[in-house]
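Here the structure is laid out as structure tokens; the discussion comes afterwards.
All of the numbers you see were taken from the coordinates with simple rules; none came from a lab. These numbers were taken from a predicted model, which means no experiment stands behind them. Don't worry about glycine lacking a Cβ; one is built from the backbone with ideal geometry, like all the others, and counts go over all protein chains shown.
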Number of protein chains: 6
Amino acid sequence: MSVHMDQLSWVDYERRIGEGAVVFLPCGATEQHGPHLPLGTDALLASAISAEVAARVGGLVAPALSYGYKSQPKCGGGQHFCGTTSLDGATLSALVRDAVREFHRHGVRRLVLVLGHYENQWFVAEGIQLALRDLGPNAGLEVMRLEHWDFCREQTLTDVFPDGFPGFALEHAAVIETSLMLHFHPQLVALEKIPDDAPADFPPYDMYPTRTEWVPPSGVLSSAKGSSAAKGQRLAEDIVDGIAAAVCKEFAL
Amino acid sequence: MSVHMDQLSWVDYERRIGEGAVVFLPCGATEQHGPHLPLGTDALLASAISAEVAARVGGLVAPALSYGYKSQPKCGGGQHFCGTTSLDGATLSALVRDAVREFHRHGVRRLVLVLGHYENQWFVAEGIQLALRDLGPNAGLEVMRLEHWDFCREQTLTDVFPDGFPGFALEHAAVIETSLMLHFHPQLVALEKIPDDAPADFPPYDMYPTRTEWVPPSGVLSSAKGSSAAKGQRLAEDIVDGIAAAVCKEFAL
Amino acid sequence: MSVHMDQLSWVDYERRIGEGAVVFLPCGATEQHGPHLPLGTDALLASAISAEVAARVGGLVAPALSYGYKSQPKCGGGQHFCGTTSLDGATLSALVRDAVREFHRHGVRRLVLVLGHYENQWFVAEGIQLALRDLGPNAGLEVMRLEHWDFCREQTLTDVFPDGFPGFALEHAAVIETSLMLHFHPQLVALEKIPDDAPADFPPYDMYPTRTEWVPPSGVLSSAKGSSAAKGQRLAEDIVDGIAAAVCKEFAL
Amino acid sequence: MSVHMDQLSWVDYERRIGEGAVVFLPCGATEQHGPHLPLGTDALLASAISAEVAARVGGLVAPALSYGYKSQPKCGGGQHFCGTTSLDGATLSALVRDAVREFHRHGVRRLVLVLGHYENQWFVAEGIQLALRDLGPNAGLEVMRLEHWDFCREQTLTDVFPDGFPGFALEHAAVIETSLMLHFHPQLVALEKIPDDAPADFPPYDMYPTRTEWVPPSGVLSSAKGSSAAKGQRLAEDIVDGIAAAVCKEFAL
Amino acid sequence: MSVHMDQLSWVDYERRIGEGAVVFLPCGATEQHGPHLPLGTDALLASAISAEVAARVGGLVAPALSYGYKSQPKCGGGQHFCGTTSLDGATLSALVRDAVREFHRHGVRRLVLVLGHYENQWFVAEGIQLALRDLGPNAGLEVMRLEHWDFCREQTLTDVFPDGFPGFALEHAAVIETSLMLHFHPQLVALEKIPDDAPADFPPYDMYPTRTEWVPPSGVLSSAKGSSAAKGQRLAEDIVDGIAAAVCKEFAL
Amino acid sequence: MSVHMDQLSWVDYERRIGEGAVVFLPCGATEQHGPHLPLGTDALLASAISAEVAARVGGLVAPALSYGYKSQPKCGGGQHFCGTTSLDGATLSALVRDAVREFHRHGVRRLVLVLGHYENQWFVAEGIQLALRDLGPNAGLEVMRLEHWDFCREQTLTDVFPDGFPGFALEHAAVIETSLMLHFHPQLVALEKIPDDAPADFPPYDMYPTRTEWVPPSGVLSSAKGSSAAKGQRLAEDIVDGIAAAVCKEFAL
């Protein structure tokens, strides 16, 4: 039986929830990821990872939020790119608030929001907090919120980046996301189009309107050269293992 | 090349938009569709239809809105079903408003919102109207909004319903949706689980809180018996032909 | 004693509510209704019908909501007409939400929202649902929502439209509304100004911005020729009888 | 021809607006006014006064806003009275914002908001300001906002209150409103029910939740004894004359 | 130990709240106050007064709200002045709503909102009411709301204004505020810059957009001539005594 | 002349803005900072730093936003601490949006938001972006947004943390903030109350409701031992130098 909620009938879903299934809600974006990765990268990765974890822990994956918060220059290139399709913060928070309330109504008691888009985190957190406030102190619902890349092990990062890990900040459309896509969705990666730009170098402040000249025209913040499916597999293992372990620990599965 | 926006790089997407591609935004729901159809039926159908039309007219399909407005007893069974996962009206309108504004920023000038969930229509319409007000009178963006089943031809309905067409109102999880799913996603249909309930019989008014006893416990408003992939194919042809023709006419393609 | 809440002192109103009076809230609009009917038609009819039903069942009529949701081309002509004065969806939902909450505070336990404007229905429904969510599961308030024309009997429609009923969709400022106005407010009808346009013929989709050329310049979607006070009286009887019966049944009066 | 917008066809309304008619929007409330005055007093008076001024200056009266901002103990008795039916501040501001924007779309260039409910003033002012911000600096729309009782002349107040004018603060359901109602709607006044309470005596601060014991149980803040239709006529003359003069001066009629 | 909440550690604050300390929240503005008073006058005075009262009654002063509702011509000069920095009504209400909810979470049971800006009052009142609605009927929180100048004694006003008190309406940047600033913050007053304009003379209605010619170009609505630190001290004594007495009475300290 | 906007008259402020003064808006919080630092730490530091930079570059400091976004366990301890007084995300964004719009109206063309509270960043960024969208593409306003600690130089951190820098994540109420407070506001620091807890150790995900047992009961996320005024001075020099240099560079002063 599918782990994908949208492929189940309500009767099957109800039964699974009654049995205590953890629900995973992937929170992605529609955002430029350079010339070599597709616009849907964030939702595709969050969904693929959610599905693997769900299979591991007997959970279900709700339909992904395919649109996310506004892309910022330093972590996603910024809102001046064509194709990047973003929501106002209040819209994203409302979406999460409504969804959390509905899962609660279904009887879900363990919910995991799997973020694949860095910019989502605060507005998703706000949505969760608002829903829990609405539901009151005895709701009996526990929510985990995570960004999947935070589960990469130190050693893996050392191995994946033999010249040193540049930090998650610049890892937009770079080695981690490209390798994960080569692992999960190889047919959607155009390796030959990886640009050869130097990594972006941002000052310790932001300017509005966006100083577009700060951002590489390709939208890639540090090079994706050196990405591979093998690296993707290893990163995916870290991430899936890590999230599964966290879910089992926190939800006492 | 894919018609799916989320599978394209921003560079490819930008080129296609620059060439005048029409963008289709499927607006679905996560909603009970009886014991024989999956919760994602509305988004799955709206997406499949959008993809076929897009392929026909050289357009692109944006990621579907997978959550829709609250299910109402008379057209979707109501909010008391487990699995039905709905948004407040203001959330859905905001989602559409943000998306329309973003497509406009991309340079999209022809946008089609393909609704697969009846309850969405007014809040989607409001979102479009709010976005166009934001964009001002010279935005140069034209938006078409439609429910796909309205493109079924009279003769087709006569043939599909030899005992008489009960009307779209009761066609929730019934012959049209089931047949379309058998055509597009047969592996997600459990024909053997189609309930044998009599059609629902609603009075000409609504009651809040929902009178749940008005709604068949299965969530199916009229029987899906008699559904077939062949009927689905014929309905799909009507719908795809009809939308494609409408798009070509209104956008002078 | 008056059925009109705004003509009662709070002391009398409180007594009536304490006795279990049903409250009727007419939800109208300020919207073009062709050259022969006044802008206030929707609120005037909803109020007149509410008053007759209230008199029948010992209820009270709250002041009408005189402004409604945005007029749509296919059911009200659209927002390009001078005089049509509409609210954003969120405003109308908030208005209803606030009002329902207040009636609940008064001790009202049976509330009927009588809609005279087709475009109101979803935003009014949302307002009711939001208020009931605010009030919690033990509010003890039941709300009926209806459009008055849905209570016209089949036979009456057959008789009123000897050449066939064109459907409620095109019945804006046409025979039903004109006849009802001739019955309730004859001095506000200018029969000699009824235009002689052919009925509007809309495609199965909407376009934004409004294709104003789809809409007859008069604002009348199908001809009002053949309207009469006698037809209005018969329609009014159907409607008042039907609503009164529904109220008695659902509220166990 | 009627001064009431809701009694005019859109064609007649459009012609009148094209000729430069001033539009008056009465902003009332549904609020307790003691045992002797009806709940609709504020809207009824604002509408009646608007109609007289409109007749004088060739203007039109839009349908009244029948619900207003929350009643406060010191000026309207407070929200604990049955029958008082109030809006959140944001709802009232949104209502006014939407209405002002619509009148602007009609071509109205001179708009007067006539307030009959003290508590409305700031939320109505906010609604006007928000609408004008939306419309931009070249909207060409001028809006006057007023409370009708501020046009009572000094000498009139001296004569109407031989024992001294207690101030507008306590004039809720008292001599001014009662006399005006006796002038405009005598059949809705129950003189024999005027309570004989001493005037309310409020401290220079507010307490929330409402200290209901501060408010006379009748809801009348100072006695309505001494009210008469003659006084009402004289007050009405002041008010109508004053508003008409203000409108002519400010709008250069 | 400081009366200022922002100077206490959370441990000390918690202890004080546990002991029943009243919390004072000054609600000011950033608004023109003529050429002789600083932009922060309203927050500075509300804070200074709050601190004196808090010291008197063993209370604490929360950080002031430094931005307030939009300045209106008749009481603050209007929004056309440079330096006046105002919030939308909904923003101010939300700010107060959030703050009241948080103080309640801390265990605060006695809260006083001390307004130093006339235009704040309705939006602050709305924020309090919304918070109390959120908190439900058993919150156990009582909130006092006041404008400090309302505690000036009759006799004091007679003495301070030997030529007659012009009323609080015109007392913007005039004798009361200037004298209070001379008492509390003499170094921030530029007595030599007090303009010599005649008092403003406003009609009994408002016009939008602002008729800026109604407002003295200095922003001072009536002359501040005659202000003195001695008058300020006497006014401050009235105000501090009066608020302290009110607090003790209403909160049974 | 003061750098503090609230101490200037509008006339002086207008002159300074006309001369091109940069405006700094400190964005703080009211949040627990352990037993040794005051609740106002974030606003106090952001204000003090803003004042020094403003003095350096001829700018002005607007009144601080004293309340910020909800404290999160990993960076501020969480919302379960008494004294932490936070805003909903939408409230903070609205506050910033309104303020930015107002500064634009004043003629400000260079605005710097100086954040002293980590949790503020996304909601402040959203507020800026919303305001700039409101103002349109030709507003001529440039906004810098920064967290002050990001300007600490590498070498300084090495020297300040001889045992290794634990990262900004755990630097809540720890060495950096304590040292900066010892430099700017020594009288508000209770060195003897610094707790001796081990640093917090958080997993790579968040749980809602807050797992309060993850957070040291003192609210200090890593030890403040080793803080000193000398370290604070050095950090302050880095920060003030860095921001001043950034401002001069980006605004071409």
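Look at the Cα gyration tensor of the range E:133-184: its axes a ≥ b ≥ c give a/c of at least 1.5 with a/b over b/c, and that counts as prolate. Per residue of peptide D:32-43, the mean number of Cβ atoms on other chains within 10 Å of the residue Cβ is 4. For the residues of A:185-191, the average number of beta carbons from a partner chain within 10 Å of their own beta carbon is 2.
For the protein assembly as shown, the square roots a ≥ b ≥ c of the C-alpha gyration tensor eigenvalues yield an a/c of 1.5 or more together with a/b not exceeding b/c, which makes the shape oblate. Entry note, the protein assembly as shown: the mean residue ellipticity at 222 nm calculated from DSSP H runs of n ≥ 4, each adding -39500 (n - 2.57), is -12500 deg cm²/dmol after division by the residues and rounding to the nearest 500.
Computed over the alpha-carbon pairs of the range A:1-129, the distance histogram in 5 Å steps reads 2, 12, 21, 22, 18, 13, 8, 4, 1, 0 percent, short to long.
Kirkwood radius, the range D:58-161, all distinct C-alpha pairs, inverse of mean reciprocal distance: 15.2 Å. Peptide D:16-23 shows a mean partner chain C-beta count of 1 within 10 Å per residue C-beta. In percent, rounded to a whole number, the relative contact order of chain A is 24, using alpha-carbon pairs under 8 Å and six or more apart.
Placing +1 on the Cβ of every Lys and Arg and -1 on the Cβ of every Asp and Glu, with no other charges, gives the range A:1-147 a dipole of roughly 240 debye about its Cα centre. Taking the Cα centroid of the range E:175-253 and of the range D:145-214, what is the distance between the two, rounded to the nearest whole Å? Cα centroid to Cα centroid, the span is 29 Å.
Please compute, over every Cα-Cα pair in chain C, the percentage with a separation greater than 28 angstrom. Intermediate results must be reported in sequence, preceding the final value.
Values: 10435 of 31878 pairs.
So the portion of pairs separated by more than 28 Å is 33 percent.
In nm, to one decimal, how far is the residue F:198 label point from the residue E:133 one, both placed 7 Å along Cα→Cβ? Distance between label points: 4.9 nm. Note on residue A:225 and residue C:249: the model spin-label points, each 7 Å out from Cα along the C-beta direction, lie 7.7 nm apart.
Here C:197, E:98, C:6 are placed in order of increasing Cβ neighbour count within 10 Å, fewest first, which gives C:197, E:98, C:6.
How big is the dipole moment of chain A about its Cα centre under a simple scheme where the beta carbon of each Lys and Arg is +1, that of each Asp and Glu is -1, and everything else is neutral? Debye, nearest 20, please. Provide the component values of the computation, followed by the final result.
On the way: 19 positive and 31 negative charges, 116 e Å.
With Lys and Arg at +1 and Asp and Glu at -1, about 560 debye.
Taking a straight Cα-Cα cut-off under 18 Å and skipping sequence neighbours fewer than 8 places away in the same chain, the lysines within cross-link reach of residue A:193 are A:225. What you get for the protein assembly as shown, charging only the Cβ of Lys and Arg (+1) and of Asp and Glu (-1), is a dipole of about 0 debye around the Cα centre. Here the 3J(HN,Hα) profile of the range E:145-157, calculated from phi with Karplus coefficients 6.51, -1.76 and 1.60 at θ = phi - 60°, is 10, 8, 9, 4, 5, 5, 9, 5, 7, 3, 4, 4, 4 Hz, Gly and Pro shown as x. The amide H of residue C:30, built 1.01 Å from its N in the peptide plane, has C:68, C:85 as neighbours under 5 Å, considering only residues 5 or more places off or on other chains. Between the amide H of residue C:219 and any residue lying 5 or more places away or on another chain, no distance stays under 5 Å, with hydrogens modeled in the peptide plane. Run the reach check for residue E:249 against lysines, Cα to Cα strictly under 30 Å, same-chain hits fewer than 8 apart removed. What comes back? Residue E:249 reaches D:70, D:74, E:231.
Would you work out which of B:248, B:230, B:216 lies farthest towards the positive end of the dipole of the range B:207-253, given +1 charges on the beta-carbon of Lys and Arg and -1 on that of Asp and Glu, about the Cα centre? Final value for the positive-end residue is B:216. Taking other C-beta atoms within 10 angstrom as a stand-in for reagent exposure, E:234, C:211, F:16 fall in the order C:211, E:234, F:16, fewest first. Ellipsoid semi-axes for the range E:112-253, based on the Cα gyration tensor and the rule √(5λ), read 31, 22, 13 Å when sorted largest first. Separation of the range C:37-87 and the range F:45-118, taken as the distance between their Cα centroids, equals 47 angstrom. Calculate how steeply helix D:175-184 sits against the longest principal axis of the alpha-carbon atoms of chain D, using the helix alpha-carbon long axis, and give the answer as 0 to 90 degrees to the nearest 10. Rounded to the nearest ten degrees, it is 50.
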